[in-house]
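The values are calculated or read from the model by the stated rules, or taken from the named source; none is laboratory data. Predicted, not measured: the structure shown is a model, and the values here were computed from it. Don't worry about glycine lacking a Cβ; one is built from the backbone with ideal geometry, like all the others, and counts go over all protein chains shown.
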Amino acid sequence: MSQEDIFKKIIAHCKEYGFIFQSSEIYDGLSAVYDYGQNGVELKNNIKQYWWDAMTKLNENIVGVDAAIFMHPKTWEASGHVGAFNDPLIDNKDSKKRYRADVLIEEYLEKLEGKIQKEIAKASKRFGDSFDEQQFRKTNPRVLANQSKMDETKARFVNALENNDLANLKKIIEDSDIACPVSGSKNWTDVRQFNLMFSTQLGSVTEEANTIYLRPETAQGIFVNYLNVQKTGRMKIPFGIAQIGKAFRNEIVARQFIFRMREFEQMEMQFFIKPGTEMEWYNFWKEKRMNWHKALGMGDENYRFHDHDKLPHYANAATDIEFLFPIGFREVEGIHSRTDFDLGNHEKFSGKKMQYFDTDENKNYVPYVVETSIGLDRMFLSIVSNAYAEEIVESTGEKRIIMKIPAVLAPVKLAVFPLTKKDGLPEKAREIIDQLKLDFNCQFEEKDTIGRRYRRQDAIGTPFCITIDHQTLEDNTVTIRYRDTMEQERVVIDKLQGIMNDKVSLKELLKTL
Ligand code: ATP
């Protein structure tokens, strides 16, 4: 099955099992806007909790805020978003499809890299143990040709981005023979800049002065409040402020499900530090954040850092944590050393002092900032795409679709099945749920055969199912069945809490960080 087909299956599965629905579906949907269903919202809340607790409970110098989506319009002038939050867009004249010029070029570079990797894999298979990759890269003519094409295109690309040279971006697309993926045509318009911020009017008067924006990132709500928090919380540098909230971007190309949405959610933490210490903290947070991802056990090989070729306007160092999605390695989180860009500019634009008085140094300064910024929806997508699996059950030859969601994040932790609807079994099942429901999200299911009930719970990723039968009434034991191995064992009811705690407690996961 191709990766594209797998991606389509995941999207269909997310809809069928109440994870994600297209927004306003009855009106044929709204492009790149999605709603989370009954299982999606539980998974999303669990991800948020994991992030929030890792930030605010594990670090006594990190506190949270919840700022408004609307902010004074000057905020976005100070942050550089009014002037520079643009993407270069290009249209294909034949298909009438719109693309991001930079993404077209990045995909072309990825294709060249893919060709090189293929040659290497082929040769490595042919030569076996004696294969020397370094030597092969240096001498194989096809690899050399692709590498030199890559290096040359990359250099031109970075240069064009740095100089905001739109004509050159178009020239690179033409020189690289990049065709529209839909029509195959190379008939392109010029490249234009497109501002990604949504605007609306505040109040009833539609004058220029009343134009406000839906925030394109949550970070600015933290910056404008940093002194409020610092003073009222008596925070000492270094300290951090965390926030989870909605952000809005009028994305040019939004065809990748919840990977690129127009309304999405971010989890951002701004860490305020002494100027000059930023590289130390940047490296600290790089490591911390990578550990947070890897602790979920979704495969260390599925993560990598990708340093930016072109630094954002506000940063002096920037890297992405990329995850291997079915569409390839893509960014889930950005870690940026933002210097005093934001606070400095807010000082300039507002005329208010943004200085911190450092009692150790006995002087004032505008703090530097290292930010960690993760997209909640992208994190969600990384989890469901990693979790989705189709297996053949050996004993029956049946296919089962299973969501191997990390147990601690699973929407439902425990499903309780009375074997039959009579003889007091449903009542016993409810009794067990009542004992456990305040600690774990439980579900009661009495319809259909036990096998079918297992399939339904596998499909939403429930790590434990227990069956209540007649023996339960006699000796207080139940059959517990584990999602991933399908193993079953008989345990006494009093042990359930402990078994569940070991496997699904957020506390245990947080202890590993
Ligand atoms: P990209 O290069 O993919 O457009 P970005 O570099 O603009 O992303 P940031 O501004 O660094 O993204 O935002 C931080 C995080 O917010 C990203 O790592 C991503 O997880 C998330 N994010 C950004 N844009 C979107 C979007 N349109 N839909 C969903 N998540 C997004």
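Figures for the structure shown
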| item | result |
| --- | --- |
| Residue among TYR365, TYR454 that alone is aromatic (Phe, Trp, Tyr) and either within 16 Å of the ligand (Cβ to nearest atom) or within 31 Å of the chain's Cα centre (by Cα) (or both) | TYR454 |
| Elements of type strands (runs of 3 or more DSSP E) in region 1-81, at least 1 residues being within 16 Å of the ligand (Cβ to nearest atom) and farther than 27 Å from HIS313 by Cβ | 20-22, 34-36 |
| Region 305-332, residues that are away from the ligand (no atom under 13 Å from the Cβ) and in contact with a Leu (Cβ under 8 Å, 6 or more places away or on another chain) | ALA317 |
| Number of the exception - ILE374 against (1) within 11 Å of the ligand (Cβ to nearest atom); (2) surrounded by fewer than 22 Cβ atoms within 10 Å (Cβ to Cβ) | (2) |
| Breaking point among (1) of a type in the set (A, V, I, L, M, F, W, C); (2) part of a loop (DSSP other than H, G, I, E, B); (3) buried (at least 19 other Cβ atoms within 10 Å of the Cβ); (4) in contact with a Phe, Trp or Tyr (Cβ under 7 Å, 6 or more places away or on another chain), for MET298 | (4) |
| Condition check for ILE10: modelled with pLDDT of 95 or more and buried (at least 17 other Cβ atoms within 10 Å of the Cβ) | yes |
| Among residues of region 258-275, those that are out of contact with any Phe, Trp or Tyr (no Cβ under 6 Å at 6 or more places or on another chain) and either within 10 Å of the ligand (Cβ to nearest atom) or free of Cβ contacts under 8 Å to residues at least 12 places away in the same chain (or both), counted | 8 |
| Matching entry among HIS336, HIS313, HIS293, HIS308 (being surrounded by fewer than 22 Cβ atoms within 10 Å (Cβ to Cβ) and at pLDDT 95 or above) | HIS293 |
| Failed item in (1) within 16 Å of the ligand (Cβ to nearest atom); (2) surrounded by 15 or more Cβ atoms within 10 Å (Cβ to Cβ), with LYS246 passing the rest | (2) |
